[in-house]
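Some notes on the structure that comes next.
Any read-out appearing in this document is the output of simple, stated calculations on the displayed coordinates, not a laboratory observation. Predicted model only: the values in this text are computed from it and were never measured. Cβ coordinates were reconstructed from backbone atoms using ideal geometry, including for glycine residues, and neighbour counts include every protein chain displayed.
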């Protein structure tokens with residue numbers, strides 16, 4: 001009998017620990033599917049952050065290490081020096097990457113580190129229970145801004161793709177959203193591009209995934225996806241910010 | 001190989017290269033800057049990798065990543081930089097990864113100054129990191145000893161899968177002494193890492209099963225069991241690694257306790273006191289954790305005072321009091337802020353203390 005579909009070997013059989021409607025599961029599976037399709041699972045080392053996805057190593061069926069909060073790009077820098085010929089990536093949320101780890105991500109990009117960073121932006125701290133992140137939208141409610149974020153109190157949300165694409169040795173930056181089948185296919189394409197950039201040694205590659213957090217947003221899963229499409233992507237436009245020549 | 005005259009910091013860097021160091025990550029901070037400078041041009045020649053990190057936080061994190069991936073890793077810093085590395089050190093203990101750390105220490109607190117100090121004693125022996133963990137700490141008293149300690153430290157770190165810290169004050173980093181450099185071991189080839197370190201994250205094609213290096217343990221019973229496992233290692237390390245030297249304790253009326261640069265000054269003070277007809281001895285702890293409590297059993301009944309002699313306001317003195325355990329009076333001589341006293345000053349102060357205890 002011809003196999004028409006099978007789950008990727010890149011995911012372990014474990015049930016994920018994520019809330020219903022959370023898009024971490026989609027991002028995990030996409031990254032693992034791409035590595036599997038390209039025959040790279042056994043030659044890949046991943047770094048997971050502090051946050052909900054610290055648990056990613058229970059689900060991603062590859063060698064991984066946990067990270068101190070925000071330091072994943074520095075940790076991947078170290079791994080890369082020992083294993084220059086393997087695939088290395090960090091998987092980080094927005095509190096981890098854009099707040100406490102803002103220094104490490106900027107300098108990994110600045111050095112042109114030859115690994116890929118997959119950035120899950122759901123505009124809130126998930127694991128700790130819904131506090132404001134640097135990426136929280138103006139007006140968005142969180143447990144540390146219960147009436148909604150204001151510019152006066154907390155400034156404007158950080159746009160990481162826009163910031164990193166200004167850095168010369170960050171050669172690839174793209175923002176995608178995990179909402180519809182068409183957008184998920186675009187996200188998969190972006191993961192492939194990031195790996196192409198890494199395997200060709202072109203420099204640092206960055207993919208930002210606009211993601212949902214129904215639990216901490218207080219929205220039903222379907223409404224949360226609508227929020228990503230309507231509200232988040234209005235402030236965080238999706239698309240390719242930077243791409244080297246020769247990467248399709 | 002014969003003796004060569006080298007500046008401490010450069011000799012320390014060369015010792016790490018000869019021990020097979022694959023990666024060095026550093027951030028500029030005085031008085032250890034010659035180490036990253038030396039590493040930047042010499043480590044790549046030996047086949048290793050140098051990265052100038054954006055901060056000490058990043059340097060310790062890079063060290064963790066490289067070590068988790070199976071590389072031999074050396075990092076160095078000075079006191080305020082070590083404060084920034086505390087997050088990583090505790091995490092690395094928990095994740096059980098070997099890293100060798102050199103602190104070429106200076107005066108504090110805060111930015112403090114850049115002259116030699118030993119005011120990080122409590123930090124290096126007790127940690128600024130959170131949680132239950134321990135790091136073996138060695139305090140060499142000269143460039144040769146520091147070179148030999150760094151060379152051996154990698155094997156100790158790998159045996160116990162734990163950081164090892166070398167506490168050399170700024171005096172040792174900046175002075176020059178003749179040194180015999182050890183044989184170069186060469187760097188473990190990347191394809192050999194899985195057989196040497198089967199736990200390392202090298203990609204699942206390269207070892208049995210799947211390797212994950214981690215710290216998070218959400219279940220209290222699982223975390224407690226892990227900490228108990230760490231402490232079984234520490235118990236074994238405490239027995240194996242404890243080290244000290246004792247000098248002229250026979251019939252000593254006063255016994256200095258000092259490490260690093262201060263121990264050398266105490267050796268001179270012992271001579272000066274001898275000329276004055278005072279019998280003085282020295283206990284020099286070489287391992288600061290584990291602390292050599294047993295050395296204090298050697299103090300003779302003729303002793304009137306045990307003097308903790310430090311480049312700080314009195315930090316090791318708590319370990320000295322614990323080891324002396326009420327058997328003798330414990331006194332203190334110290335200078336801080338980067339001031340290194342003369343051996344004459346130490347002798348004079350010791351003589352006064354002794355007179356007050358008679």
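What the table shows:
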item: Within chain B, helix-based [θ] at 222 nm, where runs of 4 or more DSSP H residues each add -39,500 (n - 2.57), nearest 500; result: -12000 deg cm²/dmol
item: Per-residue Cβ neighbour rank within 10 angstrom, fewest leading, B:218, A:64; result: B:218, A:64
item: Residues B:150, B:270, A:26, sorted so that the one with the fewest Cβ neighbours within 10 Å comes first; result: A:26, B:270, B:150
item: Cα gyration tensor, the protein assembly as shown - rounded (a/c under 1.5), prolate or oblate; result: prolate
item: Other protein chain Cβ atoms within 10 Å, averaged over every residue that makes up A:108-120; result: 1
item: Inter-label distance, nm, simple model (7 Å from Cα along the C-beta direction), residue B:276/residue B:41; result: 4.8
item: Residues residue A:223 and residue B:155, FRET efficiency given R0 of 41 Å [Cβ-Cβ distance, rounded to 0.05]; result: 0.10
item: Chain A, helix-only ellipticity at 222 nm - DSSP H runs n ≥ 4, -39,500 (n - 2.57), divided by all residues, nearest 500; result: -8500 deg cm²/dmol
item: Percent of beta bridges antiparallel (DSSP, the stretch A:24-241, rounded to nearest 5); result: 15
item: Pairwise FRET efficiency - residue B:216 versus residue B:325, Cβ, R0 = 56 Å, nearest 0.05; result: 0.90
item: Inter-site label distance for residue B:83 and residue B:175 at 7 Å from Cα along Cβ, in nm; result: 2.7
item: FRET efficiency for residue B:357 and residue A:144, using Cβ-Cβ distance with R0 set to 60 Å, rounded to 0.05; result: 0.55
item: Percent of beta bridges antiparallel (DSSP, chain B, rounded to nearest 5); result: 25
item: Virtual spin-label span in nm between residue B:235 and residue B:298, 7 Å along Cα→Cβ; result: 2.7
item: Beta bridges per DSSP with both ends in the protein assembly as shown, % antiparallel, nearest 5; result: 20
item: Least to most buried among A:197, B:222, B:190 (fewest other Cβ within 10 Å first); result: B:222, B:190, A:197
item: Overall form of the stretch B:244-357 per C-alpha gyration tensor (a/c, 1.5; a/b vs b/c); result: rounded
item: Shielding of A:46-57 by partner chains, average beta-carbon count, 10 Å; result: 2
item: Chain A: relative contact order as a whole-number percent, Cα under 8 Å and 6+ apart; result: 19
item: Prolate/oblate/rounded label for the stretch B:76-155 (Cα gyration tensor, a/c 1.5); result: oblate
